[in-house]
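Reviewing the structure listed below.
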Amino acid sequence: MVKQVAIIGGGIIGATAAFYLSYLKGHESVAVTLFDEDTGQATKAASGIISPWLSKRRNKRWYALAKQGAELYQQLVNDAQLSANAYCRTGTIVTRKDHADLLDLYHEAEIKAAQTPAMGNVELLSSAEVKRRMPILTNPPEGVFVSGGARIDGQHFVAELLANAQQENLAVVNQRVSLDGSGRVLTEQGPRQFDRIIVATGAWMHETLKPLGLSLKVRPQKGQLIDLLVDMPASWDNMPVMMPESMSDIIPFNHGKLVVGATHENDGGFDLTPKEAAKNQLFENAQYFIEQLSKAQITDMRVGTRAYTEDFSPFFGILPTMPSILVGGGLGSSGLTTGPMIGYHLAQSILSSHLVDWNHYTKPIGTYIS
């Protein structure tokens, strides 16, 4: 008998879960419906960098999840036949303002790379060597290059995963839905009963779970980024991405697209209005490294709402009060790195009884939901 599975939320977790529910062994036994209205969705508003290895964060569970997430990407790219528009391994340049700090970072990278094949090669670069790899820069810093780093476009990534899954067992319904107290999905066409439900509604999860009498320890955070169109020769395609210390990420895409961001605005809440002050700050951060930029080159400003937990850690698991419902969220600014791994685990838990120990990656679900 085919199990009916619902996914509420079509961001990075929901889309990856949908893909793996259409791909992993046993996918023939499920039919999947994904509900997503997508207003304010962080993933579709995001472009980012997959390179967690040199993060300053010291949360061991977060690092284990982020490290595994970065390693999953190559498999996911192959499994879903994702295009370079969605994901491209370009290498990452990480900077420090103090040279001694940069040397410490380089030595840390060498140690980690010896045990982490996904990092690839690690090199200490002078400013001239950074300029050679990123010729768009006019004021290049020195940095540490990690060849395994990558860039990702959230909107392309999600769209390609869902298009792939729709060829198998996925139906996508573009509407906002809710739950009732018994766990039914309330749609515009009426209530629907599912055998299993994945809730991945990000910063809106508190609203989703409220009918179940549950409270969620998650807050919204506004993130804004800008797109610029820059005249670049084709030979500059696939430049590395750059993570400057205490400044906005610089993410070159092919064909002259340059992404700068994103902001972290705790007081922005669910406000999706682009702000001129944020645009100016992002532009100034980029212009510090690329002097020839002008505001006339800004083609778009994207806004999304992230979900943050009190300890800045993602979470996922099964609701103890209703075991048919699984949840995943609290991704914060690392969602493009950690989200796919969570989606994979949630999909696997529906299709297989052989699971890894989730406590290695997340605290018990009761830490965040009560």
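Per-residue answers, yes or no, for (1) part of a strand (DSSP E or B); (2) open to solvent by 60 Å² or more (accessible area, probe 1.4 Å):
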position	(1), (2)
102	no, no
108	no, no
111	no, yes
124	yes, yes
141	no, no
145	yes, no
152	yes, no
156	no, yes
162	no, no
### Query
Is there a residue in the range 170-181 that is within 27 Å of residue 333 (Cα to Cα), in contact (Cβ under 8 Å) with a residue 60 or more places away in the chain and part of a helix (DSSP H, G or I)?
no
### Task
Enumerate the pairs (first residue in the range 291-306 and over 14 Å from residue 224 (Cβ atoms); second residue anywhere and aliphatic (A, V, I, L, M) and open to solvent by 30 Å² or more (accessible area, probe 1.4 Å)) with beta-carbon separation below 6 Å, excluding pairs fewer than 6 apart on the same chain, so at least 6 apart or on different chains.
297/229; 299/229
### Query
Can you name the residue in the range 310-366 that is in contact with a Leu (Cβ under 8 Å, 6 or more places away or on another chain), in contact (Cβ under 8 Å) with a residue 40 or more places away in the chain and of a type in the set (Ser, Thr, Tyr) and is also farthest from residue 219 (Cα to Cα) among such residues?
352
### Task
Looking at (1) within 16 Å of the chain's Cα centre (by Cα); (2) loosely packed, with under 14 Cβ neighbours inside 10 Å, find the lone condition where residue 82 falls short.
(2)
### Query
Pairs, please: C-beta under 6 Å, at least 6 apart or cross-chain, first residue free of Cβ contacts under 8 Å to residues at least 40 places away in the same chain and farther than 14 Å from residue 284 by Cα and in the range 233-260, second open to solvent by 10 Å² or more (accessible area, probe 1.4 Å) and among the aliphatic types (A, V, I, L, M)?
256/229; 256/230; 256/232
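Only one of these is open to solvent by less than 10 Å² (accessible area, probe 1.4 Å), in a helix (DSSP H, G or I) and not hydroxyl-bearing (Ser, Thr, Tyr): 304, 339, 317, 366. Name it.
Being open to solvent by less than 10 Å² (accessible area, probe 1.4 Å), in a helix (DSSP H, G or I) and not hydroxyl-bearing (Ser, Thr, Tyr) holds for just one of 304, 339, 317, 366, which is 339.
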### Query
Can you name the condition, by its number, that residue 264 falls short on among (1) touching a His at 6+ places or on another chain (Cβ under 9 Å); (2) open to solvent by 20 Å² or more (accessible area, probe 1.4 Å)?
(1)
### Task
Please determine, by comparing only the residues of the range 31-48 that are surrounded by fewer than 24 Cβ atoms within 10 Å (Cβ to Cβ) and among the β-branched types (Val, Ile, Thr), which one is modelled with the lowest pLDDT.
39
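The values are calculated or read from the model by the stated rules, or taken from the named source; none is laboratory data. What you see is a predicted model; the values in this text were computed from it and never measured. We place every Cβ from the backbone using ideal geometry, glycine too, and count neighbours over all the protein chains shown. Quick note on the areas: whole protein, heavy atoms, side chains included, nothing else; ligands and nucleic acids left out. Shrake-Rupley method; radii C 1.70, N 1.55, O 1.52, S 1.80 Å.
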